[in-house]
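See structure below.
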Amino acid sequence: MKKEMPFLNVNVAEVTRKTLDLIMKLPGSEREDLLDKLNPEARNKGGSHTTATVTTALIDATMKLRIEDRCRLLGELKAVNGSSMRKYSRIDFFSPIQYVINDRLSSGYIKNISVSGLFIENSHYNGPTLNPDSSITMIFDHPFTSSHMKIKGKIIRITKTGLGIRFDSKI
C-alpha cells in the first residue's frame, strides 16, 4: 500500500517565508498568544518578555515545526490576518439572518461579519442552484448597534456550509 505524502511537493522556503511574514504582521498580543500555542514553555521560563524576545521565540518555534504543521499554521494565519482576498478583517458574530436570492426567501445564521461582507451559515439550503455573483438581499441586526438592517450584496463564495457575501456598500 502506497502512503500518500501530500507535503512532498511543497516549497518549504516559500511556506516558511509567507508564514514568517504573516507572523511579523501580527500585533504583539496575538504574537504572544501564538507563542503560547506553539511553545507554551517558552514564556514560562521567567523574566519579562519584550516584543523582540517573543518574536524571536516565535520564529524559533515556527522553524522547528514539521512542514505539515507549518502549512497548517500558514493557513490559520491567512484566515486570521485577512491576507486571503479580504480587505477588512471579520469578527465572529452569530445571529439569525433572512435573505432573498432569485425571489426566494431563505434563512440561516451569520457566522462572521465585516464592514464589507459576511458569511451565512446554511448547510440545509434547498432552493434553486446558487451561482457566484448572484444578487442577494439580507435582513439582520447590526452587530454593534443592534439596529435592523436591510442590505444588498453579491455571492462571492459558495461552500458546503454556506455563502460568502460582499455588500454592495459598506456598513
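The values are calculated or read from the model by the stated rules, or taken from the named source; none is laboratory data. Just so we're clear, the structure is a prediction, and the values are computed from it rather than from any experiment. Note that we place each Cβ from the backbone using ideal geometry, even for glycine, and neighbour counts take in every protein chain shown.
Quick notes on this one:
- Filtered by the rule that a residue be among the β-branched types (V, I, T) and not in a strand (DSSP E or B), segment 149-171 gives T159, T161, I171.
- Within segment 92-105, at least one residue is modelled with pLDDT of 90 or more, of a type in the set (G, A, S) and either closer than 24 Å to A79 by Cβ or buried (at least 18 other Cβ atoms within 10 Å of the Cβ) (or both).
- L77 within 30 Å of S29 (Cβ to Cβ) and of a type in the set (A, V, I, L, M): yes
- Any pair with Cβ under 8 angstrom, 6 or more apart, that starts in segment 126-155 at a residue that is among the β-branched types (V, I, T) and ends at one that is assigned to a loop (DSSP other than H, G, I, E, B) and loosely packed, with under 10 Cβ neighbours inside 10 Å: I151/S169; I155/D133
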